[in-house]
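Written out below as C-alpha cells is the structure these notes cover.
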Amino acid sequence: MNKKLLIFFLTSFSVLQLQATHNRAGEITYRQIGALTFEITLTTFTDPTTLAHQQRTELYFYFSDNSQDTFPRISETLIEPNISRNEYVGVHTFPVVGTYIVSMEDPNRNAGVMNIPNSVDVSFYLESILLINPLIGNNSSPILLNSPIDKAIVGIPFIHNPSAYDTNGDSLTYSLISCKGENGNDIINYQMPDASNSLSIDANGSLLWDSPIMVGEYNIAILIEEWRNEVKVGSIVRDMQITVAPNTINNIPPKIEVDNSFCVIAGDTLDIP
C-alpha cells in the first residue's frame, strides 16, 4: 500500500513539474493603430518540451483600465531543442487618454535558475507602460532586435545589447531592475548574478557582466524607458536569460579595433570595406 502511494506521489510530482517549468524570457511591445487603440505583442521564450508550453495556445493580458483579455499565440519557432520563441498578438482599446500598464503573469519559470530561489515555483511577470496623449502624438514602444536568450562563458566578460530602436525617434534610457514575480512584485531573495568585477548597463543599452563566476542559467531584467521632449511616454521590461558555460579551453575572444565611429539612421545602409 505504501509503495503504491509512493509511486502515485512521484508520478503526480512529475506531472506537476512537467506542467510548470517553461518560461525563460520575454517582453511586451505595442504599436498605436488608432486614437485609443493599440496592437499588443507578447514575445516569450519557453521550454517546448513541457506540457505547460503546449497548453499555452493563448494567454491572459491585464490592463490598468480594470479590464483583461486573452490573446492567441500566432507563431511558434523552435530556435534550440529546448527553447521556443512564441508570439501572442491582440488589439486593445483604452477608454480615455492617460497612462496605462499592460501586463502578463504566467506560472512558472523554468527550474534551476541560479539567481532565483526555487525558480520552478516562481511566476513569470512582464509589464509595459504606455502614454496616450494627443499633444505628444502617436506612441509605439521600442522594438528589440536581439534575442533575450544569450550565452556567456565563465571568467570572460559578457556583453549584450538588446539593439533597441524607436520608430517615433524617442530617446531611450536603460537600467537593471529585479526580475518580477507574482502580482508584479520583486521576486523574494532575487539577486543579480555574481560577477568577478561588476555587472552594469550603459547609456547605449550595452550590458557588461565582468565576468561570470559560476556555470548555470541566470535571469536579469532590463527596464527600457522612452522619452519625448523630456516627457516619459512609455517603458518596457525585458526579462532575459543568460546561460553560462564552463571555460574548457580558456578561450579568449578577439578584440576588434575601430578607427572611426559612425552615426547611422535606422533603415540606412553603412558599407565598411
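The values are calculated or read from the model by the stated rules, or taken from the named source; none is laboratory data. This is a predicted model, so every value here is computed, not measured. Cβ sites come from the backbone with ideal geometry, for glycine too, and all protein chains shown count toward neighbours. Please note that ligands, DNA and RNA were not included when accessible areas were found on the heavy atoms of the full protein model with its side chains. Shrake-Rupley method; radii C 1.70, N 1.55, O 1.52, S 1.80 Å.
List of remarks:
- At an R0 of 51 angstrom, the distance between the Cβ atoms of Ser196 and Thr57 translates into a FRET efficiency of 0.75.
- Gaussian network model of the chain, Cα within-10 Å springs - most flexible of Ile201, Ile236, Ile222: Ile201
- Shape index of the range 84-205: Rg/Rh, with Rg the Cα radius of gyration and Rh the Kirkwood radius from the inverse mean 1/r over Cα pairs, equals 0.98.
- Ranked order, Arg31, Arg85 - accessible area, probe 1.4 Å, largest first: Arg31, Arg85
- Note on the range 61-161: with neighbouring protein chains present and a 1.4 Å probe, carbon and sulfur make up 55 percent of its accessible heavy-atom surface.
- Put a dot 7 Å past the Cα of Ser64, heading toward its Cβ, do the same for Leu36, and the two dots end up 1.7 nm apart.
- Cut-off 14 Å between beta-carbons: net charge of the residues surrounding Glu87, Lys and Arg +1, Asp and Glu -1: 0
- Probing with 1.4 Å while keeping every protein chain in the model, the per residue accessible area of the chain equals 54 Å².
- Relative contact order of the chain, pairs being alpha-carbon contacts under 8 Å that are 6 or more residues apart, as %: 18 percent
- Segment Ala203-Phe262, extension gain: residue separation times 0.36 nm, minus the distance between their alpha carbons: 19.6 nm
- Note on the chain: Rg/Rh from Cα positions, Kirkwood definition for Rh, rounded to two decimals, is 1.01.
- Here the average projected area of the convex hull drawn through the C-alpha atoms of the range 136-218 stands at 7.1 nm².
- Percent RCO, i.e. relative contact order, over the range 100-254, from Cα pairs under 8 Å lying at least 6 residues apart: 28 percent
- For the range 155-196, the spread of Cα positions along the three principal axes, ordered from largest to smallest, is 38, 36, 11 Å.
- Most fluctuating residue given options Val122, Val154, Val96, as computed from a GNM of the chain linking Cα atoms under 10 Å: Val96
- Backbone N within the range 118-133 under 20 Å of label point (7 Å from Ile79 Cα along the Cβ vector): 124-128
- Shape call, the range 154-273: gyration tensor on alpha carbons, a/c limit 1.5: oblate
- Counting only residues at least eight positions apart within a chain, or on another chain, the aspartates and glutamates with an alpha carbon under 14 Å from that of Lys180 are Glu27, Glu105, Asp106, Asp121, Glu127, Asp239.
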